[in-house]
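Okay, so here's the structure we're looking at.
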Amino acid sequence: MEITGESDDRRWFGGRGQFIENIKGNKCTMNNCESEEIVEAANIAISNLLPTKSRSLYDIAYNRFKKWCAEKNVQVYSENVLLAYFSENAKNYKSSTLWAQYSMVKSCLIIYDNIDISKFAKLIAFLKRTGDGYQAKKSKILTKSEIDHFLSSANDKEFLMIKLHVMDFFKFCLLTYFGLLNTNLKIKIVGNL
């Protein structure tokens, strides 16, 4: 809580027990007086907190949450609000997706709204409970004999392009393994894929 001090150019911030001078052009908060340069540098740093490659996914998850909140007329992001949101999503998504969504929404809430949901113990317990009995699907790894069988027996009219891509991939792997791949050849092979 902010309480005005003895004069208009000094303010006392409760809890800290200290007076901070109001300097023209500076933004005074409970923590300190910040110049516009510091605020601008902080805003630039904050804008780079989300991963560059997946920033759009973070924004989609955050906007989906905000849209849900608007539909439900939610004004405050409490633990119960987030529990309701994720329990609704648990009907349509698997545990791994819920955790990914939680991580993205958590990061965005910290950055955009200064709300740390990592302290919401009930929400974490709920997300852990949704993972009970969940078995992740494992990708099938083809053996050399299965690949040989595919290359020799698959119909060329249907699978010729796939066969060519498989052979280009093996060519790329062999050249890389033996160190015979130079930059120009790499671009040429990748260009053929």
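The values are calculated or read from the model by the stated rules, or taken from the named source; none is laboratory data. Keep in mind the model is a prediction, meaning the values are calculated, not measured. Cβ: placed from backbone, ideal geometry, glycine included. Neighbour counts: every protein chain shown.
Assess whether GLY17 counts as being loosely packed, with under 11 Cβ neighbours inside 10 Å and either modelled with pLDDT under 85 or of a type in the set (Ser, Thr, Tyr) (or both). Answer is yes for this residue. Among the numbered conditions (1) modelled with pLDDT of 80 or more; (2) over 26 Å from LYS67 (Cα atoms), the only one that LYS128 does not meet is (2).
Just name the residue that is nearest to TYR77 (Cα to Cα) out of those in region 115-152 that are in a loop (DSSP other than H, G, I, E, B) and among the hydrophobic types (A, V, I, L, M, F, W, C). Checking each candidate, the answer is ILE115.
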